[in-house]
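See structure below.
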Amino acid sequence: MPATYADHRAQLKAILLGWGMPEENAETTAEILAWSDLHGVDSHGISMLPAYDGLRGNGRARMDAQPRILRETAVSALVDGGGGLGHVPAKFAMAAAIRKAKAAGMAIAVVKHSAHFGAAGYYTLMAAERGLIGMACTSASGIQVAPTFGKQARLGTDPWSFAAPSADGVPFLLDMATTTVAAGRVRNKANEGLPAPDGWVLDRDGNPSNDPLVAREKGGFLTSLGGSPENSSYKGYGLAVMVNILASCLSGATLITDPMHTKKPVGQDIGHFFMAIDPDIFRETGDFQADVAVFMTSLRGTVPVDPARPVMVAGDPQWRCAERRMAEGIPVGAGLLKQVREIARAAAASWLLD
């Protein structure tokens, strides 16, 4: 039976505390991971624990890391993540961007010396909930995507997110990988022994495959958004390059094409980018949010092809999923649950998911 949201979040925190993470950091990290699972972003929640355990075990992520600002102006901040997981420095950086944008109208914060930060949408939603436009993107640790026409992995899933507040209280929230699907969704298929759907992965020779282990363990690749050159995969490729320029080139994080990527003493050294914009510097207070609400309502009112599948806008599936899972609990696949149980046992953490 699915665990309640409270138990799910408490289990995450218990494991993080067992790993030696300080209380405040464990609370923040568990909150962000549980938010992902609650909203149906299953690739970025509890399913990340085995990977994080590996980083911790081989010394590539410090559990006691604390973010700090290295350089700042009224509209910018460069944050050092301290070589830990990315959730705490990412929230710290977006909070700084929001604070500065409230004072100056817009602001950008970037992070280096970080690692995987969970779902990018969590951070842009922070801005939208404060009445601001939010943007975020991050470089990646895994090199598993070949450039269009290439036969060598050079990029990651390189996600980005955009959020905007709406007068109806339902923000627009776009959170997407620049690959056809997030790597975690492929990993989740492997965890449960299921095939990958058509178009998700290519083998080492660039041929379509349904083996979810192809891209991770057998020399193959994830597909860029678009799937193939004929279906405009160059667009996903271009977006991935944009993400790396903003997240790594701007922050000074190690480039994903650098042979020392993820191998430097500071840990993973992933880069993040966050931007917050106050619409009140352009419009009278509330006018922007009112227009967003009208626009979203118009799009939702589009006549659907299938009446059983109404037109939605980005964020709608997540809000519906969160409502359902808050009532019914958060499901975890049997294969993943077994891995998490072993991780909890090794961390001497209480088991709360049965």
| task | Between residue 327 and residue 218, take the C-beta separation as r, use R0 = 41 Å, and let me know the FRET efficiency to the nearest 0.05. | result | 0.50
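Sort 76, 298 from largest to smallest accessible area, using a 1.4 Å probe on the heavy atoms of the protein chains.
Working: 76 40, 298 75 Å².
Sorted by accessible area, descending: 298, 76.
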| task | Figure the gain on full extension for residue 149 and residue 341 (residue separation times 0.36 nm, minus the Cα-Cα span) and round it to one decimal in nm. | result | 64.9 nm
| query | Quick one: length gained pulling residue 334 to residue 74 fully straight, 0.36 nm per residue minus the C-alpha distance? | reply | 88.7 nm
| R0 of 56 Å, Cβ-Cβ distance residue 234-residue 7: FRET efficiency to nearest 0.05 | 0.80
| Out of 198, 278, 175, any idea which swings most in a Gaussian network model of the chain, alpha carbons joined below 10 Å? | 198
| field | Structure-based [θ]222 nm, the chain - -39500 (n - 2.57) summed over DSSP H runs of at least 4, per residue, nearest 500 | value | -11500 deg cm²/dmol
| said: Using a Gaussian network model on the chain with a 10 Å cutoff between Cα atoms, which of 15, 281, 343 fluctuates the most? | reply: 281
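Taking the alpha carbon gyration tensor of the chain, what are the square roots of 5 times its eigenvalues, largest first, to the nearest whole Å? Present the calculation step by step, with values, prior to reporting the outcome.
Working: eigenvalues 158, 127, 112 Å².
In descending order the semi-axes read 28, 25, 24 Å.
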| task | Just list whichever of 13/112; 100/264; 189/264; 102/264 have alpha carbons separated by over 29 Å in the model shown. | result | 100/264; 189/264; 102/264
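Among all helices in the chain defined by DSSP H, which have a length of 15 Å or more along the axis from Cα atoms plus a Kyte-Doolittle mean of at least 0.0? Don't skip to the answer; put the middle values down first.
Working: long enough: 5-18 (20 Å, 0.07); 23-38 (22 Å, -0.41); 87-104 (25 Å, 0.38); 233-244 (17 Å, 0.36); 287-300 (20 Å, 0.49); 316-328 (18 Å, -1.69); 334-346 (18 Å, 0.11).
In the chain, the long hydrophobic H runs are 5-18, 87-104, 233-244, 287-300, 334-346.
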| query | What stretch of the chain, leaving out the sites themselves, is the longest with no chymotrypsin sites (Phe, Trp or Tyr not before Pro) in a DSSP loop having at most 16 other Cβ atoms within 10 Å? | reply | 1-148
| task | Work out which GluC sites (Glu not before Pro) in the chain are exposed loop sites (DSSP not H, G, I, E or B, at most 12 other Cβ within 10 Å) and give the longest gap free of them. | result | 1-191
| query | Which residues' amide hydrogens lie under 5 Å from the amide hydrogen of residue 271, considering only partners 5 or more residues apart or on another chain, with H built in the peptide plane? | reply | 139
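Pick out, in residue order, every one of the trypsin sites (Lys or Arg not before Pro) in region 265-336 that is DSSP loop and has at most 14 other C-beta atoms within 10 Å; say none if there are none.
Working: sites: 283, 300, 320, 324, 325; in loops: 283.
In loop regions of region 265-336 (DSSP not H, G, I, E or B), the sparsely surrounded trypsin sites (Lys or Arg not before Pro) are 283.
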| How compact and how long is region 277-354, expressed as Rg and Dmax of its alpha-carbon atoms in Å? | 21.0, 55
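The values are calculated or read from the model by the stated rules, or taken from the named source; none is laboratory data. None of these values were measured; they are calculated from a predicted model. Heads up, the Cβs are rebuilt from the backbone with ideal geometry, glycines too, and the neighbour counts pull from every protein chain shown. What goes into the accessible areas is simple: the full protein's heavy atoms, side chains included, and nothing from ligands, DNA or RNA. Shrake-Rupley method; radii C 1.70, N 1.55, O 1.52, S 1.80 Å.
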